[in-house]
Amino acid sequence: MKIMITGIGGVGGYIASVLCANYDDVTLVARKKRKESLQTKGLVVHSDFFGHHVAHPVVTDDPASAGIQDVIFVCVKNYSLEAALTAVLPCIGDDTIVVPVLNGFTYHDTATSIMKNGKIVDSAIYITSSYQEDYSIRQEGRFARIYIGSDDAEATKKVYDVLNHPGLTCCIAENITVEIWRKFILNCAYNVLTAYYRTSIGGALSQPHGKEEFRALLQEAYDVGKAAGVPLPDDVVDDQYRRILGSNDMDATSSLERDIAASHQSELDTFSGALIRLAHQYNVPVPISEKCYQALV
């Protein structure tokens, strides 16, 4: 089994650590200082769920040199997908399965437009994992869950078998589009509101209208998904609202909040931008999403 991971950040690095603990032929795609760190210190992960692990897989900045792969995990930010996927095209054969592990709902169409062959198995991951200054990975919380799915049952089962090991709970989704939108709806509220107020989720919810805005953002994203034909269950908004308000981790922030606070490139367009464009297409009002987007753009 030849496995490749490109995008060795918080999510990609964690997935790579789980895979390195179970497979010998794992290749990581990394460049410059990240490549140097991986080659000298190894892939270092400190995890509440998986424990402390150090792995020494093959690391390359020339994916083509690794040859055709069985499974490739693409774990980059949405704005880097085209470049990352183009770089690994020489590694994609007719039977290669590409698993994009990204935020948003647009990545599948982008991947399809770039890939000349191979298969795609979509995913939605729930994990709190970040890339540290010393190039190690820090995963927080007692969970790391990934939903996968595609129209190809055999390819989906193969990815399930690859991923379902200690440190990662893998679930085959009945409808992966629904799972992608569940996460997207949450991102459009959680990530956007924490970024808007430049604070943790607890800090955002404690604002004078924080709880109402959080629920409104959930509802707006849900309404757009329903208008676009996604068969979302009726309880999505209530379930996510209750779950976040009942969370014990009110000090948590989001990648969007951290990126915007640091003036880094962010996935604001992946969340609010994409949502607003789709809302206009279906004439769905999204006033709170638009307010937050305009303040952050």
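The values are calculated or read from the model by the stated rules, or taken from the named source; none is laboratory data. In this text, all values refer to a predicted model and were calculated from it rather than measured experimentally. We place every Cβ from the backbone using ideal geometry, glycine too, and count neighbours over all the protein chains shown.
Of the helices (runs of 4 or more DSSP H) that lie entirely inside region 211-296, those containing 3 or more residues that are within 18 Å of Thr199 (Cβ to Cβ) and not aromatic (Phe, Trp, Tyr) span 255-261, 287-296.
For region 92-133, which positions are over 13 Å from Ser150 (Cα atoms), part of a loop (DSSP other than H, G, I, E, B) and of a type in the set (A, V, I, L, M, F, W, C)? Ile92, Val101, Leu102, Phe105, Met115 - these are the residues of region 92-133 that are over 13 Å from Ser150 (Cα atoms), part of a loop (DSSP other than H, G, I, E, B) and of a type in the set (A, V, I, L, M, F, W, C). Being over 24 Å from Thr270 (Cα atoms), of a type in the set (A, V, I, L, M, F, W, C) and in contact (Cβ under 8 Å) with a residue 24 or more places away in the chain is a property that holds for Phe143.
Checked against (1) closer than 21 Å to Lys211 by Cα; (2) without any contact (Cβ under 8 Å) to a residue 24 or more places away in the chain, Ile244 passes all but a single condition, namely (2).
Conditions tested, residue by residue: (1) surrounded by 15 or more Cβ atoms within 10 Å (Cβ to Cβ); (2) of a type in the set (D, E, K, R); (3) in the same structural domain as Gly118 (by TED's automatic domain parsing).
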{"site": "Ser37", "(1), (2), (3)": "yes, no, yes"}
{"site": "Lys41", "(1), (2), (3)": "no, yes, yes"}
{"site": "Ser47", "(1), (2), (3)": "yes, no, yes"}
{"site": "Val54", "(1), (2), (3)": "no, no, yes"}
{"site": "Phe73", "(1), (2), (3)": "yes, no, yes"}
{"site": "Asn78", "(1), (2), (3)": "yes, no, yes"}
{"site": "Ala84", "(1), (2), (3)": "yes, no, yes"}
{"site": "Ala87", "(1), (2), (3)": "yes, no, yes"}
{"site": "Cys91", "(1), (2), (3)": "yes, no, yes"}
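Residues checked against (1) closer than 17 Å to Lys2 by Cβ; (2) touching a strand residue (DSSP E or B) at 6+ places or on another chain (Cβ under 7 Å):
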| site | (1), (2) |
| --- | --- |
| Gly51 | no, no |
| Pro63 | yes, yes |
| Val74 | yes, yes |
| Tyr79 | no, no |
| Val88 | yes, yes |
| Asp95 | yes, no |
| Val101 | no, yes |
| Gly104 | no, no |
| His108 | no, yes |
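Selection of strands (runs of 3 or more DSSP E) fully inside region 13-91 by the criterion of at least 2 residues being under 20 Å from the mean Cα position of the chain (by Cα), modelled with pLDDT of 95 or more and closer than 25 Å to Ser255 by Cβ returns 26-29, 43-47, 71-74. For region 210-226, the criterion of being among the β-branched types (Val, Ile, Thr), surrounded by fewer than 20 Cβ atoms within 10 Å (Cβ to Cβ) and within 21 Å of the chain's Cα centre (by Cα) is met by none of the residues.
Right, Tyr147: at pLDDT below 95, on the phi < 0 side of the Ramachandran plot, under 19 Å from the mean Cα position of the chain (by Cα) and aromatic (Phe, Trp, Tyr) or not? It is false that Tyr147 is at pLDDT below 95, on the phi < 0 side of the Ramachandran plot, under 19 Å from the mean Cα position of the chain (by Cα) and aromatic (Phe, Trp, Tyr). Against the list (1) out of contact with any Phe, Trp or Tyr (no Cβ under 6 Å at 6 or more places or on another chain); (2) under 27 Å from Gly13 (Cβ atoms); (3) part of a helix (DSSP H, G or I), the condition Cys188 fails is (1).
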